[in-house]
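Enquirer: After the structure tokens below, expect a handful of questions from me.
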Amino acid sequence: MTVYILYNPSSGNGRATQLVATLKKAYPELSYALFATDKATDEKRHIKTILSQFEPSRDRFLIIGGDGTLSKSLSYWPADLPFAYLPAGSGNDFARSLGGLTMAQVMRSLLNHAPKATTVLANDQQVVVNSLDATYAAQTVALSEQSGLKKGLNRFSMGKLVYILLGIKALFVTRPVSVRLRVNGQLVDLDNLFFFSVSNNTFFGGGVTIWTSSHVTRKEMVCVWAKDRGIFGNLLTLVTILLKGHEKSKHLSHLVVQEVEIEFEKPELVQIDGDLTELSSINLICQTRWIYS
């Protein structure tokens, strides 16, 4: 057996590299092929190489990094081939939804057990393992990308604090957006939104609940949104989310679907699993993947 490891050396301020070293020391009887992602296009290039050598009946594929590394890797990894994952980012929401994914747990499953079904959101170009967010959440991520705080606080295991600090700032700079959803041939127009998220996971942002009944083992996605109500009203919306009062709130709405087409009024900044991009529209479906967990 060869364990093909694709890892992001930058994840968690070097945590992925440390995990690779620990894994090789803990399981010296295994053969390893290591692929580090130093550039934005490395996932695609490395996986093409791995697939040219990979024997599904014998070998295993392991991803080590943050949620962004995971979603980019799965965008190129065939849906019918199992994978394993060790979290090494600052948020690790996908692993959180599965109970944490410790090294011992993952390796025990990889070596001795059949993979389990999980759900991601996908189209022909990409995979979303946690959520796609516009408006407030995207603005918070954008501010963190512009700030040096995250890298500095990660050195002291305080990376999550940056999202709190910049989340407060994002309250003052987020502008409302309009979104059109196409579900089962029906149009749903959502105007003047402060918060908009599409997810198949319970969590985003390092453990914040998106929707209490959403989970990666269910083949469904949840669209969650809230109208802009000014800074004070928007702050109350965020407090409701933090306190898990989603289903009791009259200001938070949701829709459970298996497939959705999302159209923005104009190109909008969105975050997908912690990475920023600009979108005018996107189609997403629920897709089954197989994980050693």
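Coordinate-derived values only; no laboratory data. This structure is a prediction, so every number in the text was calculated from the model and none was measured. All Cβ positions, even for glycine, are placed from backbone atoms using ideal geometry, and neighbour counts span all protein chains on display.
Enquirer: Scan the range 56-95 for residues that are in contact with a Gly (Cβ under 6 Å, 6 or more places away or on another chain) and not small (Gly, Ala, Ser) and jot them down.
Expert: 67
Enquirer: Only one of these conditions is not met by residue 70: (1) hydrophobic (A, V, I, L, M, F, W, C); (2) more than 30 Å from residue 261 (Cα to Cα); (3) touching a residue at least 40 places away in the same chain (Cβ under 8 Å); (4) assigned to a helix (DSSP H, G or I). Which number is it?
Expert: Unmet condition: (2).
Enquirer: Considering the range 82-131 alone, what residues qualify as being touching a strand residue (DSSP E or B) at 6+ places or on another chain (Cβ under 8 Å), of a type in the set (A, V, I, L, M) and outside any helix (DSSP H, G or I)?
Expert: 84, 86, 88, 98, 101, 117, 120, 121, 122, 127, 128, 129
Enquirer: Among the listed residues 240, 212, 217, which satisfies the condition of being touching a Lys or Arg at 6+ places or on another chain (Cβ under 9 Å), under 18 Å from residue 127 (Cα atoms) and surrounded by fewer than 23 Cβ atoms within 10 Å (Cβ to Cβ)?
Expert: 217
Enquirer: Now for a different question. So in the range 185-209, with the set limited to residues that are outside any strand (DSSP E or B) and touching a residue at least 12 places away in the same chain (Cβ under 8 Å), which one is surrounded by the fewest Cβ atoms within 10 Å (Cβ to Cβ)?
Expert: By that ranking, first place goes to 207.
Enquirer: From the residues in the range 243-256 that are of a type in the set (A, V, I, L, M) and surrounded by fewer than 17 Cβ atoms within 10 Å (Cβ to Cβ), which one is nearest to residue 10 (Cα to Cα)?
Expert: The selected residue is 243.
Enquirer: Only one residue in 58, 15 is under 22 Å from residue 108 (Cα atoms), exposed (fewer than 14 other Cβ atoms within 10 Å of the Cβ) and of a type outside the set (Asp, Glu). Which one?
Expert: 58
Enquirer: For the range 61-98, how many residues are within 13 Å of residue 43 (Cα to Cα) and in contact with a Lys or Arg (Cβ under 7 Å, 6 or more places away or on another chain)?
Expert: 2
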